[in-house]
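Data block below; observations after.
The values are calculated or read from the model by the stated rules, or taken from the named source; none is laboratory data. Keep in mind the model is a prediction, meaning the values are calculated, not measured. Note that we place each Cβ from the backbone using ideal geometry, even for glycine, and neighbour counts take in every protein chain shown.
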Amino acid sequence: MLPTLAAIIFDLDGTLIASLEDIADAVNTALAAHFLPTHPVEPYNYFVGDGMETSVRRAAPGNTPEDVLVSVYVRAKQEYGRNWACKTRPYEGISSMLDQLTGLGVPMAVLSNKPHEFTGEVVRHFFPDAPFAVVQGNPGDGRLKPNPALALAIAETLSLDPARIGFMGDSRTDMDTAVNAGMLPIGVLWGFRTEGEPLEHGARVILTRPNDLFEKTALVPG
């Protein structure tokens, strides 16, 4: 029997948008500006996912002084703020999936570890017609995923039991958030990570393409 869902919460990077190259370019530019080694794009699959500051700390050498790390982080944020839409695009099939969910009357939300205001800007740019009920980024108070507080706040805004909500993402952070919030963890394979990671962190549904959502879950208006 298919799990029945009344709403979907989406991760952003690696789930709705292919943003890895722009993130890698921003962090590499910041590292180079501080005479630190840079990386090809591939390692950023595992540097990202827990906010830009953590990405910088993962990308920098382990013996980098704290004041330099802070400076690299500030520069990386500046670079990304200027160039976040250069190479980033929605994944193939995402817009069609969002349109189908809208047609079904299924509420949708976005929860990202990007800074809150910036999350809204990115979502409006790439999905101007998607009627997301909530677009929530990092409010800067420590409630980053996998802390479930913001996911639960979205459930409250939607007036839905968390168990009726699917949380869709590509990483352990997203699956842990879903488990912690009592939501259905939906892992996607078109993002930054491999199938093993979401499965190891509790994914109960695995999607290889966006429209698999309609074959592997039963969706009803919230």
| message | I'd like to verify a number: residues in the range 67-118 that are among the charged types (D, E, K, R), in the same structural domain as LEU158 (by TED's automatic domain parsing) and farther than 22 Å from TYR44 by Cβ, how many? | response | 2
| query | Among the numbered criteria (1) within 15 Å of GLY14 (Cβ to Cβ); (2) loosely packed, with under 15 Cβ neighbours inside 10 Å; (3) charged (D, E, K, R), which single criterion is violated by GLU156? | reply | (1)
| remark: Of those in the range 178-191 that are assigned to a strand (DSSP E or B) and not β-branched (Val, Ile, Thr), the residue nearest to PRO146 (Cα to Cα) is PRO185
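Determine whether LEU111 is closer than 23 Å to GLY191 by Cα, touching a residue at least 40 places away in the same chain (Cβ under 8 Å), part of a strand (DSSP E or B) and under 20 Å from the mean Cα position of the chain (by Cα). Talk me through it step by step, then tell me what you get.
Details: closer than 23 Å to GLY191 by Cα: yes; touching a residue at least 40 places away in the same chain (Cβ under 8 Å): yes; part of a strand (DSSP E or B): yes; under 20 Å from the mean Cα position of the chain (by Cα): yes.
Yes.
Are there any helices (runs of 4 or more DSSP H) wholly within the range 1-108 with 1 or more residues that are within 30 Å of ALA163 (Cβ to Cβ), and if so which? Quick ask: steps written out before the conclusion?
Values: elements: 20-33, 44-47, 52-59, 66-83, 94-104.
Hits in the range 1-108: 52-59, 94-104.
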| remark: Scanning the range 4-43 residue by residue, those in contact (Cβ under 8 Å) with a residue 40 or more places away in the chain and of a type outside the set (A, V, I, L, M, F, W, C) turn out to be THR4, ASP11, ASP13, GLY14, THR15, SER19, GLU21, ASP22, ASP25, THR29, HIS34
| message | I need the full set of residues from the range 44-91 which are within 27 Å of THR194 (Cβ to Cβ), β-branched (Val, Ile, Thr) and touching a residue at least 40 places away in the same chain (Cβ under 8 Å), in order please. | response | VAL48, THR88
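Output the residues belonging to the range 167-184 that are touching a Pro at 6+ places or on another chain (Cβ under 8 Å) and under 16 Å from ARG209 (Cα atoms). Reasoning before the result, please.
Initial filter on the range 167-184 (touching a Pro at 6+ places or on another chain (Cβ under 8 Å)): 167, 169-184.
Scanning the range 167-184 gives PHE167, GLY169, ASP170, SER171.
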| note | Considering the range 153-174, residues that are assigned to a helix (DSSP H, G or I) and under 16 Å from the mean Cα position of the chain (by Cα), and then whichever is farthest from MET108 (Cα to Cα), we arrive at ARG172
| said: Looking for something more than 18 Å from the chain's Cα centre (by Cα), over 22 Å from LEU20 (Cα atoms) and aliphatic (A, V, I, L, M) - is there at least one such residue anywhere in the range 123-136? | reply: no
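For the range 53-108, enumerate the residues that are hydroxyl-bearing (Ser, Thr, Tyr) and exposed (fewer than 15 other Cβ atoms within 10 Å of the Cβ). So that I can check it myself, show each step before the final result.
Initially, the range 53-108 is screened for residues hydroxyl-bearing (Ser, Thr, Tyr), giving 54-55, 64, 71, 73, 80, 88, 91, 95-96, 102.
Scanning the range 53-108 gives a single hit, SER96.
Okay, residues lined up against (1) in a loop (DSSP other than H, G, I, E, B); (2) in contact (Cβ under 8 Å) with a residue 24 or more places away in the chain:
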site: ARG124; (1), (2): no, no
site: LYS145; (1), (2): yes, yes
site: ASP176; (1), (2): no, yes
site: ARG193; (1), (2): yes, yes
site: GLY202; (1), (2): yes, yes
site: ILE206; (1), (2): no, no
site: ASN211; (1), (2): no, yes
